[in-house]
Every structure is written in structure tokens, then in C-alpha cells.
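Structure first, then comments.
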Amino acid sequence: MTDCFTTFQALWHERAQGTPGNDLISMLAHGPETRTMPPYEFQGNVVLLIVGGNDTTRNTITGSVLALHQNPEEYAKLRAKPELIASMVSETIRWQTPLAHMRRTAVEDVEFQGKHIRKGDKVVMWYISGNRDEEVISQPERYIVDRERPRQHISFGYGIHRCVGNRLAELQLQVVWEEIMKRFPRIVVTGEAQRTYSTFVRGYRSLPVLIPERTN
């Protein structure tokens, strides 16, 4: 961990002293709101972006394969109407909820639904619970590829903490499935999914599948 921290410090100083570029690290190093961040905060932000841009999308790709396997009628819908891919992607992001929770610190006293939260209190937001809130989402436990308003979920957070890569994530998943649908009639899950041992990342260690020979 010490070597990693030293590497981040060197990278931060290199970008801060050089000419600003279009890369994200340069933007952090020169941005008026972020250029005074201490190195450990810079490291935390970069690590969060790496996790947010890698673990989430790849685990949701795996989750989409598993969800369609567990819901063959929805897979049939998708094969009959590939134009449902965008809707299916959003439904998978809700159903998968690749990051289960985030913690925030209250900046002022507030009362929320009968609960008193004091300034400085740590509050944990369980996205996976919100994405299955029956008061907001109809049949929340079901996986429905043509769900009405499929982007009505909180997997990307909300407000100033909304994921900066949300549209990129949706696009990556959409392109992956557009290419899969062009090439393969279906993907068959052949064994049990092995989950990541984590309360934060809802991911997979492995998911065995059989991919038929491509059709073109």
C-alpha cells in the first residue's frame, strides 16, 4: 500500500507541475476545486474512479447473462425484439446494482422519515434496497426487459454524487449486447455463479457459460 501511495503522489505532482491536458488526472490536478487536495484524497478519488469504471460494468455484463438465463421468457423477448437492448441494459443495472451501498457524512442536522440525523453522522445508503422499493418500482423483484421507465433506479447515485460515467456505462453494455445479438443465437449458463465475497461490490468471481458457434 505504501508503494501504491508513493506512486500516486509522484503522478499527482507530475500532472500538477506540467501543462494541463485533457486527461482526468490533469483536470483534478489543475481544477480550482480539486488542485489543493492532499495526496491521500487524490488517491482515493482515482481508486474510486477505477473501481467505478471497471468492476461495475464488467459485473453488470456478467449479471445480464445470468439474469437472462434465469428469466428465459425475457431472453425470448430480447431475441424477438433486439431494439429492447437499451431497456434491458437499464433493467440489468437496476437488478444487478453493481455497488450495493455508499456512505455519506451529514453536513447539517436533519430529520428524515422520523429519524434524527445529526451533523457529522455517518449515513449508509443501500442502493440495492432502493432499487427494490415496491413503493416506487412495480414488481421490483422481477427482471423485465421491457419495463416502463427502466432508467428509474439509483444504481448511479443521485444529485451531485451521481456517477460521472453513467452514460458511458450504459453505452458499453448496449454495444456489448448489440454485438452479442448479431453473432450468437444465445448464451447458455452451464453452472452456478460464484459471487465476489464483498458487502460493497455485487460481483462475480466466475460464471461458466457455453457460447454457440457464431452465425456469421
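Which condition number does Val209 fail, the rest of (1) closer than 12 Å to Ile61 by Cβ; (2) of a type outside the set (D, E, K, R); (3) out of contact with any strand residue (DSSP E or B) (no Cβ under 6 Å at 6 or more places or on another chain) being met?
(3)
Answer yes or no: is there a residue in region 75-85 that is modelled with pLDDT under 95, touching a Lys or Arg at 6+ places or on another chain (Cβ under 7 Å) and within 25 Å of Thr56 (Cβ to Cβ).
For region 75-85, residues modelled with pLDDT under 95, touching a Lys or Arg at 6+ places or on another chain (Cβ under 7 Å) and within 25 Å of Thr56 (Cβ to Cβ): absent.
Can you name the residue in region 134-162 that is touching a residue at least 24 places away in the same chain (Cβ under 8 Å) and among the hydrophobic types (A, V, I, L, M, F, W, C) and, of all such residues, is nearest to Ser87 (Cα to Cα)?
That would be Val145.
State whether the residues of region 151-160 include one that is surrounded by fewer than 17 Cβ atoms within 10 Å (Cβ to Cβ) and farther than 29 Å from Leu49 by Cβ.
No.
Please count how many residues of region 111-145 are closer than 27 Å to Lys77 by Cα, surrounded by 10 or more Cβ atoms within 10 Å (Cβ to Cβ) and acidic (Asp, Glu).
1
Go over the candidates Thr97, Thr92, Thr105 one by one and state the one that is in contact with an Asp or Glu (Cβ under 8 Å, 6 or more places away or on another chain), touching a residue at least 12 places away in the same chain (Cβ under 8 Å) and hydroxyl-bearing (Ser, Thr, Tyr).
On the way: Thr97 fails: in contact with an Asp or Glu (Cβ under 8 Å, 6 or more places away or on another chain); Thr92 fails: in contact with an Asp or Glu (Cβ under 8 Å, 6 or more places away or on another chain).
Testing whether each residue is in contact with an Asp or Glu (Cβ under 8 Å, 6 or more places away or on another chain), touching a residue at least 12 places away in the same chain (Cβ under 8 Å) and hydroxyl-bearing (Ser, Thr, Tyr) leaves just Thr105.
Do we find that Met27 is outside any helix (DSSP H, G or I) and at pLDDT below 95 in this structure?
On the way: outside any helix (DSSP H, G or I): no; at pLDDT below 95: yes.
Spelling it out, it is not the case that Met27 is outside any helix (DSSP H, G or I) and at pLDDT below 95.
Confirm whether Leu49 is modelled with pLDDT under 95, part of a helix (DSSP H, G or I), aliphatic (A, V, I, L, M) and under 16 Å from the mean Cα position of the chain (by Cα).
On the way: modelled with pLDDT under 95: yes; part of a helix (DSSP H, G or I): yes; aliphatic (A, V, I, L, M): yes; under 16 Å from the mean Cα position of the chain (by Cα): yes.
It is true that Leu49 is modelled with pLDDT under 95, part of a helix (DSSP H, G or I), aliphatic (A, V, I, L, M) and under 16 Å from the mean Cα position of the chain (by Cα).
Are any residues in region 80-110 under 16 Å from Arg147 (Cα atoms), of a type in the set (Lys, Arg) and either surrounded by fewer than 17 Cβ atoms within 10 Å (Cβ to Cβ) or out of contact with any Ser or Thr (no Cβ under 7 Å at 6 or more places or on another chain) (or both), and if so, which ones?
Within region 80-110, Lys81 is the sole residue that qualifies.
When you check Asp109 against the structure, is it among the acidic types (Asp, Glu) and in contact with a strand residue (DSSP E or B) (Cβ under 8 Å, 6 or more places away or on another chain), yes or no?
yes
The values are calculated or read from the model by the stated rules, or taken from the named source; none is laboratory data. Bear in mind that the values here come from a model prediction, so they are computed numbers and not experimental data. Counting neighbours? That spans all protein chains shown, and the Cβs are built from the backbone with ideal geometry, glycine included.
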